[in-house]
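Report on the structure given below.
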Amino acid sequence: MFSRSPSRRIALAGLLLTLGALFAAASASASEPTAAQRAAFKQAYAAAQQGGDGWRSLATGLRDYPLYPYLQAAALEHDIRQTDRATVEAYLKQYPDWIPAADLRRDFLLELARRQDWNGFLALYQPGLGDALSCDALQAQLANGGVLDFDKDLATLWTKPNLPAACDPVLNAAHDQGLLTNARLWTRIDRAVDAGQPGTIASLANWLPADDSAAAQRLALALRDPASATAAAANWPDTSRNTQAVTLALSRLARRQSASADSAWQQLQTRFSFSEPQRDQILHALALFHATDFDAGALARLIALPPAAQTDASREWRVRVALAQQAWPAVLAAIDAMPASQQQDGEWRYFRARALVALGRNDEAQPLFRALATEPTFFGFLAADRLDQPYAICPLQPADDPQREQALLDKPGLLRAFELYAVDLPKLARREWTRALQGADATTLQLAADLAHRRGWYDRAVFTLNSGEALRLYDLRFPLASQDDVVPQAEQAGIDPSWAYGILRAESAWMSDARSGADARGLMQLLPATAELVAKRNGLNWNGGDSLYDPSVNIELGTRYLAQMAERFNGAPWLASAAYNAGPNRVDQWVAARSTLAPDLFVATIPFKETREYVARVMAFSVIYDWRLHGKAVPLSSRLTAIGQPYQLPDAGTVRRSIDCPPPVPASAPANAASTAHASP
């Protein structure tokens, strides 16, 4: 025994702490999958997706790899028609809480239903797996000699305006049991009308008595072909259901052909006993869609609408038509006619001030511009340009909390999400992310988004940080991601990189595997046919539609297509943005009709809500990206060149507007609820 001096004890403790830190670092390093493991997993996963057991020899060193269970699930999914229940049950038992286990259960249940193995189905079935499997479970019940109880078995399904084909045998059985009374059939038909589902109406009509069936079929016709319905209505009896069908047909025809709807209304308004709400619905539709066509008399129609027929949409279009006419007193009157909550939208505060300036009432306009200029939005930036003052951008840096970060990294689900992203399985990664962070507080979500950002998974921050103070995390919400070559590709294409970034951010929110219902793909959402033409025009390689999921390919082609749109509209990025969203031919039509309008008025009169908001969002995003690239931003108003005027690309000598962080807006002057620069994608 001997005693150590305090200094020796301290030295020994320091050595132990150092060794502990080295051990912890080594453990952390060991727990991080290697590039070799990821490459092996990709190879094994590709093999597993082909079915069979070939993947096993490729995965011999992956037993401890966090995604190993995905391999067997992929093989079982491929071989689902040959898989037996015991194999599936063994997997479910081994990985009960895993996402691939839930998928396998659902898909094997569908297979058991196809086999009509109802006993096996009931052994594996769990409620809450979707309407198709709910109906398969009722089929299993019927196959085992059971009967249906409407309230217990069908009431929830009956509220759905559309059901999968798996429900047809169940509904037929319910009909045969006498459960589908006329009252119940009409209840579901009315839901289908509200949801615009003519197929559901037509199928249910077959179970109604002859007169009721004819009335239901007329409702389906009104949804499917309103022009034919209004033409045929002259021979329909004046019943409440037929009047409902005529109301529906006229309202829908107005959207497509406002002049034809007008003519039909003149012929039919005395033919049927319309209620006041029905008349209001028709008058509203006629006024609204004459307005979107900017027809003569549209403003008078909107003003003359009965109070009960007015909506937020009709009131805002009253402003838009007045703006198109530059009838400034009418603009103010239209905004005054809005409810207070609608007036507080940044667009209407801006155009109130704009109208006041046009009427020479500058003293009244200036306070409105000053309040709006404190907001980092499309209209806030325009207001700042009016005042020639800095843009109000108040960046916030992500919180630094290593302890909570480590706690997040200890969550197996989040680790799986990061690893799935690392091996190029982003859809599965997003599902693990959502499950791992379900119910998480704002601070946790922010930390998780920051962790994802550091791993190059940029879309998580865009989708996660979409409210409150998190909107100020500009570094995360507007990533530069220079490794994807946006800046050099934009410069080679001859367009402003800030604008290219703005388009990309608005199109996909940095989701490289994004795919729209129209088949637009990748970061800049290009259609394969368009991308192929762009590639040929620019002498670039084209390797098929799936190549658009490669960020470098997508950006190269996307920037060239943007350049084509810009060239068509004198380089104007705002008009080219509208063309990118709605198509150049439509923009040509709008320009032909309203080319004398100032750009801010023209944007406000774009007939499509999606395109109006898209242009505003892209241009606001361009300001933010310009600031991120240069520390200052080209004034938004200089990006909105007058129609027909050539646009000058910004360069190193371009004067940019400085950025400032003004005091918060007082509670009495709420910020724009539809903040375009902050709008979620």
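Sorted by packing (mean other beta-carbon atoms within 10 Å per residue), highest first, where do 126-135, 294-303 land?
294-303, 126-135
Under 8 Å for C-alpha pairs, at least 6 residues apart: give me the relative contact order for region 36-156, rounded to a whole percent.
Rounded, it is 16 percent for region 36-156.
Note the listed values (i) 119, 58, 43; (ii) 108, 81, 57; (iii) 71, 58, 51, then indicate which one is Cα extents along the principal axes in Å calculated from this particular structure.
(ii)
Can you figure out the FRET efficiency of LYS42 with GLN406, using R₀ = 22 Å and their beta-carbon distance, to the nearest 0.05?
Once the sixth-power term is evaluated, E becomes 0.20.
Considering only C-alpha atoms, what is the centroid distance from region 171-245 to region 400-447, in Å?
Cα centroid to Cα centroid, the span is 48 Å.
Among the aspartates and glutamates, select those whose C-alpha is under 15 Å from the C-alpha of LYS160, and discard any that sit fewer than 8 residues away in the same chain.
In chain and number order, the partners are ASP131, ASP151, ASP168, ASP190, ASP194.
Could you sort the peptides 646-659, 216-229 by per-residue average Cβ neighbour count (10 Å cutoff), highest mean leading?
The packing order, highest mean first, is 216-229, 646-659.
Rounded to the nearest Å, what's the spacing between the alpha carbon centres of region 556-594 and region 320-398? Just the number, please.
Using only Cα atoms to place each centre, the spacing works out to 26 Å.
If the cut-off is a Cα-Cα distance under 12 Å, which aspartates and glutamates reach LYS42, setting aside same-chain residues fewer than 8 apart in sequence?
Once the sequence-local aspartates and glutamates are set aside, what remains near LYS42 is GLU419, ASP424.
Let me know the Rg and Dmax you get for region 485-660 when you use only its Cα atoms, in Å.
Both quantities, over Cα of region 485-660: 15.5, 46 Å.
Where a number appears in this text, it was derived from the coordinates with a stated rule and is not lab data. Computed from a prediction, not measured in an experiment: that's the story for all the values here. Here Cβ is always computed from backbone atoms with ideal geometry, including for glycine, and neighbour counts include all displayed protein chains.
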